[in-house]
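Asks: Below are the structure tokens for one structure; questions will follow.
All of the numbers you see were taken from the coordinates with simple rules; none came from a lab. Small disclaimer: the values here were computed from a predicted structure and weren't measured. Neighbour counts run over all protein chains shown; Cβ positions are idealised from the backbone, glycine included.
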Amino acid sequence: MARDPVCGMIVDRRGGHALVHAGRTYYFCGDYCAKAFVSAPERYLANAVADVGLPERPARTIAYLSMEIGVDPRLATYAGGLGALAGDTLRSFADLGVPVVGVGLLFREGYFCQHLDSNGVQTESPERWEPGPELARLPLQVEVSIAGRPVRVAGWEYEIVGISGQRVPLVLLDTDLLDNALEDRRLTARLYGGDAAYRLSQEIVLGIGGLRMLRALGHTRLRRFHLNEGHASLLALELLREANVGNDPGAWTFEAVREQCVFTTHTPIPAGHDQFPHELVRAVLTEPVPAGLLEMLGGAPRLNMTLLALNLSRYVNGVAKRHGVVSQEMFPAYPIGAITNGVHSRSWTCAAFRALFDRHIPGWAGDPFSLRHAISIPRDEVRAAHALAKAELLAELARRGHDRFGRNVLTIGFARRATPYKRADLVFEDPDRLVAIARQAGPIQLVFAGKAHPHDQGGREIIRRIVAAGARLRDDIAVAYLEDYGIELARLLTAGVDLWLNTPQPPLEASGTSGMKAAHNGIPSLSIPDGWWVEGLIEGVTGWAIGDGTASSHDANDLYHKLHQVIVPMYYQEPERWLDVMRQTIALNASFFNSHRMVQQYVTLAYT
Ligand SMILES: *Cc1c(COP(=O)(O)O)cnc(C)c1O
């Protein structure tokens, strides 16, 4: 490609309108411009020179940093929802042509592989994988100082290709280099593994190493840095050091850094924010930092990474409207907005529904707002597409030894991190009542999945309780807990079940995104109105509420009541109405809770 020096249009070099002038070749859109050029070349030469060698890749103006990024099932660089969100965000940036470069870590042992025995006892093993041809090793390294040691940081590039060919590079940082001390080589081994010093070291690699890597790669024109959760906050510290000289913070400028940083917080409780005792920080973060600066920006006696980012960001947001309000109450001194999460439509819509949308709503993947038109898709076609998705899930269940699942039985899905506040076992609070529903209103079956963090005893216990409940109920209700939840299993589950269940303890669900994935496949949610569901719920139209979203509501009771009186009867006795709910779920919720809408809000509210 070349630029026509007369009119400025981009022209194909093979197009035929080329002229040699003073030993150089110029390309034109047609005869008109070629003639204009010949009549007065000196008028146009300046334009031509300025455009010599159009950059293959546009200048990046936004850097997006995240500790976990789930963008490709081959890369074990994510643990759960935060990573899936980061991957979806980068994909939408690519589809929409937003000039972004992503930065994360290359975890060579991933998060962990989950194994469950017949009692639901979880054991873990490393996720072994090797960077393959999808990753290109970058030809340079940078250095950070950790615990007084120089640590070399290398990078790998993964390219995300958007729907019209636009590319977003993702740089994954890696300390597994022969030059590094053995313990430093393991700094990028495990996501959310190790102790506080290990975590802080990883955050140094991500934030400080990340910025140095970006600069070394020639990203000098970055205008905004998007810190996805507080794990990346140290980038702002490094920007401060770039912008200032001397050791007297009294003479430093902060505004120039604040102008560049955007911060998204993801947790609604203070205990969820990363905090490190300053004693540990002084031992581990051995980059030169003026005394007292970190206390001033990140609080004391512990360095709070959320506070650090709040103090150095121009725009801060929560990930759903309710979470924005909760975060604002937690940090009243800072203006905190809300940009509700979304999921990448093309990635989370199963093959059967992709084909259906292609037929009825051409162009939907690049313009997911147009999914509103799903309301007019004939019910029979929705039924047929869903039957295909359900058959795929049942085949996977059978492959894993769960062969008692029926095609015509209402299938309830629940899959997300196993941790106490998510209350995956709430549906088993009164097993006799659940059996009564199945006997009186119609049969049900339940599929679960989700990893518990190795140190999360409460989460591990929940898995055991669900497996035990399944064994007890086996004569009446089929229950499966699938091992090793990840993005691929999430795709199968959020398309193949009939109802997506979500029972978090309010107000602890910041957003939640799996229900949005389900909505893209016409699966309604039955959920506590917390996080995104406060916005997505239209009772009886896009799904159903459990309780009123307050901490004191009788959630289990309400869950049974809704199943018994409303949902199971509708599924079996009013299939047409059920199909209407499916169409409405797509039309009202997939058209909004997608990452294209979310990214456009980031561009207009946060980046500009
Ligand atoms: C989408 C997703 C999640 C997030 O689920 P929530 O309902 O938001 O908790 C977690 N893990 C994986 C693998 C996912 O794909």
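Asks: Subtracting the Cα-Cα distance from 0.36 nm times the residue separation, let me have the gained length for E381 to F369 in nm, one decimal.
Replies: Stretched out fully, the E381 to F369 stretch lengthens by 2.3 nm.
Asks: Separate question: Taking all pairs of different Cα atoms in the chain, averaging 1/r and flipping that mean, what Kirkwood radius in angstroms comes out?
Replies: For the chain, the Kirkwood estimate is 26.0 Å.
Asks: Are there GluC sites (Glu not before Pro) in region 65-142 that DSSP puts in a loop and that have at most 15 other Cβ atoms within 10 Å, and which ones?
Replies: Sites meeting the loop and neighbour criteria: E134.
Asks: Region 124-271: percent of C-alpha pairs farther apart than 19 Å?
Replies: 61 percent
Asks: Follow-up question, since we're still on this one. Does region 48-178 come out rounded, prolate or oblate, given a ≥ b ≥ c as the square roots of the eigenvalues of its C-alpha gyration tensor, rounded meaning a/c under 1.5 and, failing that, prolate meaning a/b above b/c?
Replies: In terms of gyration-tensor shape, oblate.
Asks: So the label point goes 7 Å from the Cα of R137 along Cα→C-beta, right? Which residues of region 159-199 then have their backbone N under 19 Å from it?
Replies: 159, 170-182, 184-189
Asks: Label point 7 Å out from R400 along Cα-to-Cβ: which residues of region 492-529 have amide N under 14 Å?
Replies: Those under the cut-off are 492-497.
Asks: Still on this structure: Using only Cα atoms, what is the ratio of the radius of gyration of region 357-449 to 2.2 N^0.38 Å?
Replies: Expressed relative to 2.2 N^0.38 Å, the Cα Rg reads 1.41.
Asks: Would you mind giving the average projected area, over all directions, of the Cα convex hull of region 473-532 in nm² with one decimal?
Replies: Its Cα hull, projected and averaged over all orientations, spans 5.0 nm².
Asks: Another question, then. How would T503, T188, T604 line up from fewest to most surrounding beta-carbon atoms within 10 angstrom?
Replies: Least to most surrounded, the residues fall as T604, T503, T188.
Asks: Quick one: which of K422/K562; K517/K562; K321/K451 span more than 25 angstrom between C-alpha atoms?
Replies: K321/K451
Asks: Just to be sure I understand the model, the point goes 7 Å from the Cα along the line to the Cβ. What's the resulting A22 to R359 distance in nm?
Replies: 6.2 nm
Asks: Here's another thing I want to ask about it. Pairs of Cα atoms under 8 Å, at least six residues apart: use those to get the relative contact order of the chain, whole percent.
Replies: Value for the chain: 13 percent.
Asks: I would also like to ask the following. Not counting the cut sites, what is the longest span of the chain without trypsin sites (Lys or Arg not before Pro) that DSSP labels loop and that have at most 16 other Cβ atoms within 10 Å?
Replies: 475-608
Asks: Still on this structure, please answer the following. Once you order the gyration tensor axes a ≥ b ≥ c over the Cα atoms, which shape class does region 495-608 get: rounded for a/c under 1.5, otherwise prolate or oblate by comparing a/b with b/c?
Replies: oblate
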